[in-house]
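First up is the structure itself, then whatever we jot down about it.
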Amino acid sequence: MQEGPEELKEIIKEDIWGSIKDFLDIGFHIGQGEKSINLTVGLLLLLTVALVGTKFLLKWLRHILTRKMEQEDQQKFTSVFKFTNYVIYIVAVLVTLSAAGIDITLVITASAALFVGLGLALQELFKDVLGGIFIIVDKSLQVGDVVEVDGKVGKVFEIKLRTTRAITRDDKVLILPNHKFISDIVYNYTQNHKTTREKVTVGVAYGSDVNLVTQILEQVAAGQKQILKNPKPFVLFDDFGDSALMFSLNFFTNDSFRDPRIKSELRYKINAKFKENNISIPFPQRDVHIIQPKP
């Protein structure tokens with residue numbers, strides 16, 4: 001009775017496990033000692049399991065990281081995860097070659113030099129991709145936002161992993177590298193809400209009725225369709241200029257992208273109203289005093 005379990009252990013150890021071990025040791029065996037190269041079935045199976053397991057792990061991580069994103073934003077991360085897959089596959093192959101006894105020092109040295117060169121050459125690309133990831137993750141920029149970058153105003157219509165595209169007020173496509181949104185000063189007119197405050201400045205001649213000027217500006221603003229009634233437009237007496245009394249008509253609109261056209265229509269109406277009420281808009285003037293020496 002005591003010899004039965006011992007014999008079973010011997011059978012499992014010698015016959016079954018021994019057969020499996022012999023099968024896993026099948027392969028190419030070149031050389032002897034420390035410089036031998038052993039590329040076996042077991043090593044290839046281990047590589048396969050590692051690659052498959054890594055692939056499923058990356059899919060799981062991708063699902064965890066992007067599950068709360070919209071479908072369009074999830075698709076933008078496809079290239080990032082593909083690049084990660086390639087890097088992991090290369091590392092797994094190098095580890096397998098090292099385990100097989102192949103000296104990969106030269107390969108690693110050459111690869112390091114190659115990656116350093118690529119990194120220096122493609123550093124702007126990496127900055128753009130990193131900026132795109134930040135934009136998508138923290139939602140600092142969305143389609144439909146009106147932004148100003150380097151003095152150019154555009155409405156965003158597409159956000160990609162490397163670039164953001166916006167349409168300008170003169171219907172030109174503005175292609176912005178994403179690193180600008182994390183390294184430069186960017187004005188987002190609609191980040192908090194769609195309503196923005198704009199203004200039109202005008203100067204009137206000294207001696208004009210300032211109360212009448214204020215009433216005219218308020219009436220013009222009240223009759224403009226694109227201007228919101230609430231918050232209410234208001235007029236400010238800004239300054240005593242060199243040649244004119246300076247006023248500003250401040251108003252709120254939810255269409256800041258069409259802001260230049262709204263301001264243009266307001267100026268047309270202000271000019272017409274001023275003519276009706278004999279209020280002049282002066283041009284720059286200078287008084288020149290000529291002093292002649294006494295004889």
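The values are calculated or read from the model by the stated rules, or taken from the named source; none is laboratory data. Values in this document were obtained by computation on a predicted structure and should not be read as measured data. So basically every Cβ, Gly included, is an ideal-geometry build from the backbone, and we count neighbours across all protein chains shown.
Remarks
- Contact annotation: residue pairs with Cβ atoms under 8 Å, 6 or more positions apart or on different chains, pairing a residue in the stretch 240-258 that is at pLDDT below 90 with a partner that is of a type in the set (A, V, I, L, M) and outside any strand (DSSP E or B), are Asn254/Leu228; Asp255/Ile262.
- Number of residues in the stretch 197-231 that are touching a residue at least 24 places away in the same chain (Cβ under 8 Å), of a type in the set (S, T, N, Q) and part of a helix (DSSP H, G or I) equals 2.
- Yes/no for Ile279 being within 25 Å of Val146 (Cβ to Cβ) and in contact with a strand residue (DSSP E or B) (Cβ under 6 Å, 6 or more places away or on another chain): no
- Selection within the stretch 159-188 - of a type in the set (Lys, Arg), touching a residue at least 24 places away in the same chain (Cβ under 8 Å) and closer than 14 Å to Val147 by Cβ: Arg169, Lys180
- Residues within the stretch 174-225 that are of a type outside the set (Asp, Glu) and farther than 25 Å from Val137 by Cβ, tallied: 28
- Subset of the stretch 259-295 [of a type in the set (A, V, I, L, M, F, W, C) and free of Cβ contacts under 8 Å to residues at least 24 places away in the same chain]: Ala272, Val288, Ile290, Ile291
- Residues that are assigned to a strand (DSSP E or B) and in contact with a helix residue (DSSP H, G or I) (Cβ under 8 Å, 6 or more places away or on another chain) within the stretch 150-178 comprise Val153, Lys155, Ile159, Thr163, Thr164, Pro177, listed in sequence order.
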